[in-house]
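Asker: Shown below is the structure under consideration.
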Amino acid sequence: MFNKVLIANRGEIALRVICACKELGIATVAVYSEADRHSLHVRFADEAVCIGPPKSYESYLNIPSIISAAEITNVEAIHPGYGYLAESPYFAEVCETCGIKFIGPSPEVIALMGDKARARETMTKAGLPIIPGSDLITEAESSTALEMADEIGYPLIIKASAGGGGRGMRIVRKPEDLAETLDMAQSEAAGAFGTANVYLERFLENPRHVEFQILGDEHGQAVHLGERECSIQRRHQKLIEETPSPLMTEELRQELGTEVVNAMKQIGYQSAGTVEFLFDQDGEFYFIEMNTRVQVEHPVTEMATGVDVVKEQIRIAGGEKLSLSQEDIRLSGHSIECRINAENPENFRPSPGTITAYNSPGGPGIRVDSTAYQGWEVSSHYDSLIAKLIVHGSDRQEALERMGRALDFFVIEGIETTIPLQRRIIRHPQFQKGEYGTSFLEQIGII
Ligand code: MV4
C-alpha cells in the first residue's frame with residue numbers, strides 16, 4: 001500500500017479522502033490555493049502545500065504546480081477527487097510519466113468514457129442497451145444527420161460528444177428545426193470543448209436518472225454496489241439522491257447489475273466508477289454515460305452497503321484485489337443525500353460570504369460530509385457545494401423522517417443555502433411517494 005498520497009482537490013471531498021487515507025495508515029498531503037489557507041482539508045492533512053492564487057486554473061487545475069507539490073513531498077500517488085482534474089486523461093498521463101500513481105482508471109479509459117459517442121459504442125458492444133440514436137457525427141458529416149434523424153424519429157436530442165453531465169445538449173422536436181439546431185449545437189460544442197463532434201439520441205420525456213456504482217480491480221474482478229436515484233436535479237446539478245431507487249425491484253437490480261458488471265469486466269475497468277442510465281416511462285432502461293471518478297453522491301451507497309468506496313478505490317490503485325465478492329454486498333435499509341449549496345434557494349444564485357453561525361445535525365443514521373464551520377468564508381471562486389447531509393434509515397419512511405428533521409436542525413447563518421428548498425421537496429407528497437422523474441422540480445414549480 002502507498003505510504004503517502006497527495007489530494008489534488010479541496011473542500012469536502014479532500015477531507016473525505018484524508019479520512020480514508022488515515023484509516024488505511026497512509027500519510028496525506030493537501031494542496032490549497034491562497035483563498036483556502038484556512039480550510040479544514042489543510043488543517044487535517046499531515047502536510048500542506050500552497051499551489052497558487054485563488055483562481056482554479058492557477059491552482060487546482062494547475063498541473064505543473066500540483067506535480068511539483070507531489071515531487072517535493074515525495075508522494076507515491078495522487079487522488080484527484082471529483083471535478084477539476086479527476087477526468088483529465090492528460091493529467092492521468094502526466095502522473096504516470098512522473099512515476100506517480102493516479103488513483104483512477106488508465107488515461108485511455110478516461111479518454112474513452114470522456115468521449116460520449118465512443119462510450120455509447122463501447123457499452124453497446126459490451127452488452128448494455130443504449131437509446132436509439134446515431135454514431136458520432138463530425139462537422140463534415142452534418143448532411144448525414146438529416147437521414148439519421150428520420151430513422152431515429154422525433155423528438156430527438158443532440159449531444160456534444162465531449163460534453164456529458166448535460167453540457168452541450170439541444171432538443172429537436174420537428175424535422176424542420178434539425179439543420180439549424182445542429183448548426184448551433186456544433187458551434188457551441190466547438191467553442192466549449194474544442195470539437196464540433198455530436199451524436200443524436202431519441203429524446204425521452206421526463207425519464208428517471210438512475211446510476212450504478214461499480215468497483216473493478218486490475219485482477220479482472222468487478223462488483224456493483226447497487227443503484228442511486230438521481231432524478232432530482234436543476235440545470236444538471238443534482239440536489240437530492242437516494243438508494244435504493246423507489247422504482248427498482250430486486251429482479252431488475254440483479255439483471256441490470258449483472259449486465260453492468262459484465263460490461264466492466266469486458267472493458268477491464270479498474271477503479272471506482274459510475275454507469276448512468278435513463279429509465280423511460282415504459283420501464284425500459286438505457287445506458288447514457290459512464291463517470292470514471294468517485295462521485296459527489298457516493299456516500300448514499302456507503303451508508304446502504306457499509307462499503308467504503310474511497311478506501312476501495314485507493315486499495316485498487318495500490319494493486320490489491322477487491323476485498324468483496326458480489327454475494328458479500330447487500331443494500332440494507334434506505335439512504336438519502338441532500339447537497340447543501342451556498343445559493344439563494346429561489347434563484348439559485350451563488351451566496352458567498354462568511355458563515356456566522358453553524359450547527360450540523362447529528363443523531364442516529366446522520367452523516368455530514370463538509371468543511372464548513374463558524375467563521376469560514378465561502379469563496380466565490382469555487383463550486384457552491386458546502387455540505388452533504390446523508391441519512392440512513394431502516395426503510396424509506398424512516399430515512400425521510402430523519403432527513404426532514406436533520407434539515408430542520410441544520411443551522412447555517414450569514415449566507416443563503418438550499419436547505420429551505422430541500423425541506424419542501426423532502427416533505428412533498430409526490431416525493432414522499434417516490435413518484436418523480438427528472439422534470440419533478442419543474443412540475444411542482446420550483447424551477
Ligand atoms: C437525455 C434526456 C432525454 N433523452 N437523453 C443527460 C445528462 C443528464 N444530466 C441529463 N441528460 C438527459 N439526457 C435522452 N436521450 C434527458 C436528459 C435530462 C435533461 C435534458 C434536457 C434538459 C434537462 C434535463 C434534465 C434531466 C435529464
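Asker: Identify the single condition in (1) touching a strand residue (DSSP E or B) at 6+ places or on another chain (Cβ under 6 Å); (2) within 19 Å of LEU389 (Cα to Cα) that GLU302 does not satisfy, given that it satisfies every other one.
Answerer: So GLU302 meets the others, but not (1).
Asker: For VAL300, state whether it is of a type outside the set (Phe, Trp, Tyr), closer than 26 Å to ILE366 by Cα, crowded, with 18+ Cβ neighbours inside 10 Å and within 16 Å of the ligand (Cβ to nearest atom). Working first, answer last.
Answerer: Working: of a type outside the set (Phe, Trp, Tyr): yes; closer than 26 Å to ILE366 by Cα: yes; crowded, with 18+ Cβ neighbours inside 10 Å: yes; within 16 Å of the ligand (Cβ to nearest atom): no.
Judged against the criteria, VAL300 is not a match.
Asker: What strands (runs of 3 or more DSSP E) lie completely within region 8-89 and have 3 or more residues being surrounded by fewer than 20 Cβ atoms within 10 Å (Cβ to Cβ)?
Answerer: 47-52
Asker: Right, something else. Identify all residues within region 90-99 that are buried (at least 20 other Cβ atoms within 10 Å of the Cβ) and under 17 Å from GLY318 (Cα atoms); write none if there are none. Spell out how you get there, then give the answer.
Answerer: Of the residues in region 90-99, the ones buried (at least 20 other Cβ atoms within 10 Å of the Cβ) are 91-92, 95.
Scanning region 90-99 gives ALA92, CYS95.
Asker: Does LYS311 count as in contact with a Cys (Cβ under 9 Å, 6 or more places away or on another chain), basic (Lys, Arg) and at pLDDT 95 or above? Step through it out loud before you land on a result.
Answerer: Values: in contact with a Cys (Cβ under 9 Å, 6 or more places away or on another chain): yes; basic (Lys, Arg): yes; at pLDDT 95 or above: yes.
So LYS311 passes the test.
Asker: A follow-up question, please. If a residue must be β-branched (Val, Ile, Thr) and either away from the ligand (no atom under 16 Å from the Cβ) or in a loop (DSSP other than H, G, I, E, B) (or both), how many such residues does region 126-146 contain? Spell out how you get there, then give the answer.
Answerer: Narrowing region 126-146 to residues β-branched (Val, Ile, Thr): 130-131, 137-138, 144.
Then keep just the ones that are either away from the ligand (no atom under 16 Å from the Cβ) or in a loop (DSSP other than H, G, I, E, B) (or both); that gives 131, 138, 144.
So the count comes out to 3.
Asker: Need a quick list: strands (runs of 3 or more DSSP E) entirely within region 172-248 having at least 2 residues that are aliphatic (A, V, I, L, M) and away from the ligand (no atom under 16 Å from the Cβ).
Answerer: The strands (runs of 3 or more DSSP E) meeting that bar are 208-216, 222-234.
Asker: Is it fair to say GLU377 is in the same structural domain as GLU227 (by TED's automatic domain parsing), over 28 Å from LEU61 (Cβ atoms) and acidic (Asp, Glu)?
Answerer: No.
Asker: Can I ask one more? Which ones in region 111-125 are within 16 Å of the ligand (Cβ to nearest atom) and surrounded by 17 or more Cβ atoms within 10 Å (Cβ to Cβ)?
Answerer: MET113, GLY114, ASP115, LYS116, ALA117, ALA119, ARG120, MET123
The values are calculated or read from the model by the stated rules, or taken from the named source; none is laboratory data. Bear in mind the structure is a predicted one, so any value in this text is a computation, not a measurement. Reconstructed Cβ throughout: ideal geometry from the backbone, glycine too, with neighbour counts over all protein chains shown.
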